[in-house]
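First comes the structure, then the notes that go with it.
The values are calculated or read from the model by the stated rules, or taken from the named source; none is laboratory data. As the structure is a computational prediction, the values presented were derived from the model and not from experiment. Cβ: placed from backbone, ideal geometry, glycine included. Neighbour counts: every protein chain shown. Protein only, heavy atoms only, side chains kept; ligands, DNA and RNA dropped before computing areas. Shrake-Rupley method; radii C 1.70, N 1.55, O 1.52, S 1.80 Å.
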Amino acid sequence: MKRAREWGLPLQGEPGPLNLITDVPGIAVGLSTLVDPARGLRTGVTAILPRPTADLLTPWWAGISSLNGNGEMTGSHWIQDAGWGQGPILLTNTASVGIAHHTVVGWLVERFRTEVAEEHLWLLPVVAETYDGVLNDIMGQHVREEHVRGALDGAVAGAFPLGSVGGGTGMIAYECKGGTGSASRVLDLVGGPYTLGTLVQANHGRLDQFQVAGVPVGRMLGGKGVWSGREAGSIIVVIATDAPLLPHQLQRVARRAGLGVGRLGAIGGNSSGDIFLALSTATPAPMAPPQPLAVQPLRCLTDPLLDPIYQAVIDTTEEAVLDAMLMSEAAPSFRPKGRIVPALDGEELVGMLRTQERAGPAGPAS
């Protein structure tokens with residue numbers, strides 16, 4: 001399997017060294033992957049640590065946006081109001097939000113007992129979900145505390161696998177096998193360079209909508225999709241950057257993930273949960289009492305410099321979704337039994353794009 005850039009797909013921008021969200025300094029990602037075909041088990045957990053473990057209580061400025069809200073992201077109300085969050089970010093399946101939230105609170109309490117005891121520390125961690133019940137026995141609630149802890153404890157600041165791993169293990173994108181994808185961009189802005197990285201849990205879109213570089217490849221692929229014409233999936237997008245941005249700017253940054261999702265054809269259908277979080281690891285958000293600052297010094301890029309950041313969000317979201325699909329393998333369905341959700345074939349995809357290019361703008365689209 002090869003990533004989108006390795007296939008030579010037309011992608012914009014300069015990626016970081018790994019082309020992953022972990023190119024942003026301080027970001028770590030951990031994965032727990034659960035696969036047992038005999039039990040219909042195909043699910044997992046993804047953990048994103050925005051800061052080194054010792055600094056996880058240091059808040060990060062953040063913004064939230066929703067293209068279609070049929071989904072869950074805990075802690076989002078506080079981020080919407082206060083503009084900051086703290087601690088790890090977890091992605092899993094719809095039925096495992098509770099155990100993930102319960103576990104990450106306990107995991108943080110164990111590491112910050114002094115703050116918990118002396119400062120009445122309260123925690124509102126971010127846990128987001130997409131539905132994997134076609135490929136996974138989701139109502140069996142197979143994700144356990146040890147799996148969540150495994151993702152948290154195993155988080156690394158370097159390379160990590162993509163595709164059918166972590167929270168993306170049982171996901172479907174454009175009626176092909178979806179999953180976990182990531183990409184990054186280096187931005188040459190004042191005070192930089194800065195890095196922006198995106199991680200997606202891609203479980204959205206219909207086959208007939210799927211397009212790459214403006215070519216309607218989904219219709220060219222043909223075949224019967226798993227949704228029978230009605231989308232029933234979602235996508236979570238987490239965007240991180242070391243560029244100094246404030247909450248109102250990060251909300252605007254998060255909103256641009258919807259353009260990246262739409263570039264590949266998805267419309268944010270009625271049954272889809274398309275929820276986006278953007279955060280900055282640069283200037284720390286205000287710490288809690290006992291000694292709050294009367295005046296908080298702030299530093300941020302000016303708004304006219306945001307356009308390259310918007311572009312990077314769109315580009316990395318598009319590329320991360322493609323990587324989630326290209327790095328996944330075909331999987332048998334749990335419900336209904338006996339169906340196979342196919343993987344996106346990179347060689348076939350490249351062939352379709354080349355055929356369209358030779359045909360020219362006036363050539364056949366399907």
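Can we say Gly106 is surrounded by fewer than 22 Cβ atoms within 10 Å (Cβ to Cβ), touching a residue at least 60 places away in the same chain (Cβ under 8 Å) and at negative phi?
Numbers: surrounded by fewer than 22 Cβ atoms within 10 Å (Cβ to Cβ): yes; touching a residue at least 60 places away in the same chain (Cβ under 8 Å): no; at negative phi: yes.
Answer is no for this residue.
List pairs: first residue in segment 6-33 and on the phi < 0 side of the Ramachandran plot and outside any loop (DSSP other than H, G, I, E, B), second residue open to solvent by 10 Å² or more (accessible area, probe 1.4 Å) and of a type in the set (Asp, Glu) anywhere in the structure, Cβ distance under 9 angstrom, at least six positions apart or on different chains.
As it stands, the answer is Gly30/Asp153; Ser32/Glu146, since those pairs meet every condition given.
Show the residue pairs meeting these rules: Cβ distance below 7 Å; 6+ apart or different chains; first residue within segment 60-72 and assigned to a loop (DSSP other than H, G, I, E, B); second residue aliphatic (A, V, I, L, M) and surrounded by 24 or more Cβ atoms within 10 Å (Cβ to Cβ).
Listed by first residue and then by second, the contacts come to Gly71/Ile275; Glu72/Ala128.
Out of the residues in segment 295-340 that are over 18 Å from Val200 (Cβ atoms) and among the polar types (S, T, N, Q), which is modelled with the lowest pLDDT?
Gln296
Residue under question is Ala330, and the condition is that it be within 24 Å of Gly218 (Cα to Cα), open to solvent by 50 Å² or more (accessible area, probe 1.4 Å) and touching a residue at least 60 places away in the same chain (Cβ under 8 Å); does it hold? Let's see the steps before the verdict.
On the way: within 24 Å of Gly218 (Cα to Cα): yes; open to solvent by 50 Å² or more (accessible area, probe 1.4 Å): yes; touching a residue at least 60 places away in the same chain (Cβ under 8 Å): yes.
Yes, satisfied.
Only one of Leu259, Leu250, Leu322 is more than 28 Å from Gly87 (Cα to Cα), part of a helix (DSSP H, G or I) and either in contact with a helix residue (DSSP H, G or I) (Cβ under 6 Å, 6 or more places away or on another chain) or open to solvent by less than 10 Å² (accessible area, probe 1.4 Å) (or both); which? Reasoning before the result, please.
Details: Leu259 fails: more than 28 Å from Gly87 (Cα to Cα); Leu250 fails: more than 28 Å from Gly87 (Cα to Cα).
Only one candidate qualifies: Leu322.
Quick check on my filter: what residues within segment 73-97 are within 19 Å of Glu145 (Cα to Cα), open to solvent by less than 50 Å² (accessible area, probe 1.4 Å) and not in a strand (DSSP E or B)?
Passing the criteria: Thr74, Gly87, Pro88, Ala95, Ser96, Val97.
Only one of these is open to solvent by less than 10 Å² (accessible area, probe 1.4 Å) and in contact (Cβ under 8 Å) with a residue 24 or more places away in the chain: Leu162, Leu196. Name it. Before the answer, list the steps.
Details: Leu162 fails: open to solvent by less than 10 Å² (accessible area, probe 1.4 Å).
Exactly one of Leu162, Leu196 is open to solvent by less than 10 Å² (accessible area, probe 1.4 Å) and in contact (Cβ under 8 Å) with a residue 24 or more places away in the chain, namely Leu196.
State all residues of segment 115-148 that are assigned to a helix (DSSP H, G or I) and within 20 Å of Gly85 (Cα to Cα); if no residue qualifies, say none. So that I can check it myself, show each step before the final result.
At the first step, the residues of segment 115-148 found to be assigned to a helix (DSSP H, G or I) are 115-119, 138-140, 145-148.
Glu115, Val116, Glu119, Val148 - these are the residues of segment 115-148 that are assigned to a helix (DSSP H, G or I) and within 20 Å of Gly85 (Cα to Cα).
Given the condition within 16 Å of the chain's Cα centre (by Cα) and under 30 Å from Phe210 (Cα atoms), answer yes or no: does some residue in segment 117-127 qualify?
Yes, some residue in segment 117-127 is within 16 Å of the chain's Cα centre (by Cα) and under 30 Å from Phe210 (Cα atoms).
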